[in-house]
Amino acid sequence: MDAGMNTSTHLKAQARCPLQEHFLPRKSSKENLDRFIPNRSAMDFDYAHYALTEGRNGKDQATAAVSSPSREAYRKQLAETMNLNHTRILAFRNKPQAPVELLPTDHSASLHQQPRSVKPRRYIPQTSERTLDAPDIVDDFYLNLLDWGSANVLAIALGHTVYLWDASSGSTSELVTIDEEKGPVTSINWAPDGRHVAVGLNNSEVQLWDSASNRQLRTLKGGHQSRVGSMAWNNHILTTGGMDGQIVNNDVRIRSHVVETYRGHTQEVCGLKWSGSGQQLASGGNDNVVHIWDRSVASSNSTTQYLHRLEEHTSAVKALAWCPFQANLLATGGGGGDRTIKFWNTHTGACLNSVDTGSQVCSLLWSKNERELLSSHGFTQNQLTLWKYPSMVKMAELTGHTSRVLYMAQSPDGCTVATAAGDETLRFWNVFGVPETAKKAAPKAAHEPFSHVNRIR
């Protein structure tokens, strides 16, 4: 930073300016010269003048005349006696110095001897490592029925029932079965603590459950007029998106849980994602619009004031993913009429890139360990595509599902991805590989969203 430059740094910059030669110190007037000038004491100016003028003419005449061997020997002896046997006009007394090495010999040699190590290409399995049945899963593009919690437990909604699958032990348990008049389940989302889970219903209600005790903690009512198809946690705030086009921030610690309402979508909100900092919220809707909401803007102005309104998609936007390694970078995917993945700078609202995938984009996931993006698709191939960012070169295409891959969830370590499709199967893919520091890094403690309260009403 220019304003932060101290006095010593400024003096150093003045003392050594760029594009200035750096001379070596001289030991004497005749040694260690930085350039080589003819030494006048070793020159005979009279002979030099003769050689440049008369000497050449005499040499030409002597060559033309017929001379005997004895005459040639006499000429050479006379020239040696008279000190006329000069081979060059300019004479240098000092030998030129060896060039100065800018780098030490051993260092420069090591740079050439040690080639840059090339990271080996990661093996990506082309088939799923495990397949589980998922009967009665709702084949609806606008819902979100799969989530993987920080405690390594996968939650999936099949019809009116929510099941929990423990990835560590492989055991399955039933969390809750919703009544017919309230269901089916339309969305599901784990809290950051990995213990509490939110269940959105078709009748506009949201239930909060404790997975450890299989006990319902409370029901959130009054925020929406129709089904809740998308949810996202931000610490103790549960954000819900409904078919009524409204986005509601619910503070689960207090009785009057509705603290903010964002109005901007004209149709169902089918995608919600908070940024890693918790400051910005991205929402996608069936109105083909993506909104960026900022908490500071919403709290100081009207709650309907969005930061950016992005209208470049031509179909419903459900797939949203914040980049984990670059701030303010959001990836969005469009439905069957759009088929593109777009990248946005949410600070400026500019579209950075757009890639035509050729099929409906149902979900997006960033790798936690590499600069890679995974997308799930619908008709015609129902595939998973792994992209290298930012070149967006296809690294792999994984097939196996026979219907559109509607839901994706990532394991806490970032290695495994679970996918659920309309073919009523749940598949697990080792697509992101094992991180090199997975065994060395200590697991981060998940933030407890309910740590400040004794109970939830």
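The values are calculated or read from the model by the stated rules, or taken from the named source; none is laboratory data. Small disclaimer: the values here were computed from a predicted structure and weren't measured. Please note: Cβ atoms are built from the backbone with ideal geometry, for glycine as well, and neighbour counts cover all protein chains shown. Note: areas computed on protein heavy atoms with side chains; ligands, DNA, RNA excluded. Shrake-Rupley method; radii C 1.70, N 1.55, O 1.52, S 1.80 Å.
Quick notes on this one:
- Stretching Glu80 away from Ala327 to a fully extended chain increases their span by 80.5 nm, per 0.36 nm per residue minus the current alpha-carbon distance.
- Solvent exposure of the stretch 132-429 as accessible area per residue, Å², 1.4 Å probe: 36
- The alpha-carbon atoms of the stretch 132-429 define a convex hull whose volume equals 116 cubic angstrom per residue.
- Extension gain for Lys368-Val434 works out to 22.7 nm (0.36 nm per residue, less the C-alpha to C-alpha distance).
- Considering only Thr172, Pro192, Gln246, and ranking their Cα positions along the charge dipole of the stretch 121-267 that arises from unit charges at the beta-carbon of Lys, Arg, Asp and Glu, the one farthest toward the positive end is Pro192.
- Where labels lie 7 Å past Cα in the beta-carbon direction, separation of Arg71 and Thr314 in nm: 10.0
- For the stretch 132-429, a crude dipole built from +1 on the beta carbon of Lys and Arg and -1 on the beta carbon of Asp and Glu, taken about the Cα centre, is about 760 debye to the nearest 20.
- Principal axis dimensions, largest first and in whole angstrom, of the stretch 269-413 by Cα: 49, 32, 26
- For Ser204, residues with placed amide H under 5 Å, excluding near neighbours: Arg227, Val228
- Our note on the geometry: Cα centres of the stretch 119-162 and the stretch 252-327, 24 Å apart.
- For Arg215 and Ile254, a Förster radius of 25 Å and the Cβ-Cβ distance give a FRET efficiency of 0.80, rounded to the nearest 0.05.
- Ligands, DNA and RNA excluded, the heavy atoms of Arg75 present near 120 Å² of accessible surface to a 1.4 Å solvent probe.
- Heavy-atom accessible surface of Lys342, to the nearest 10 Å², is about 20 Å², with a 1.4 Å probe and all protein chains retained.
- Rounded, prolate or oblate (a/c below 1.5 giving rounded, otherwise prolate when a/b exceeds b/c) for the stretch 142-298 by Cα gyration tensor: prolate
- Here's the picture: charge each Lys and Arg Cβ at +1 and each Asp and Glu Cβ at -1 in the stretch 311-402, and of Gly349, Pro324, Ser359 the one pushed furthest to the positive end of that dipole is Pro324.
- Rolling a 1.4 Å probe over the protein heavy atoms leaves Tyr306 with an accessible area of roughly 70 Å².
- Shown for the stretch 132-429: the carbon plus sulfur share of the solvent-accessible area, taken with all protein chains present and a 1.4 angstrom probe, equals 43%.
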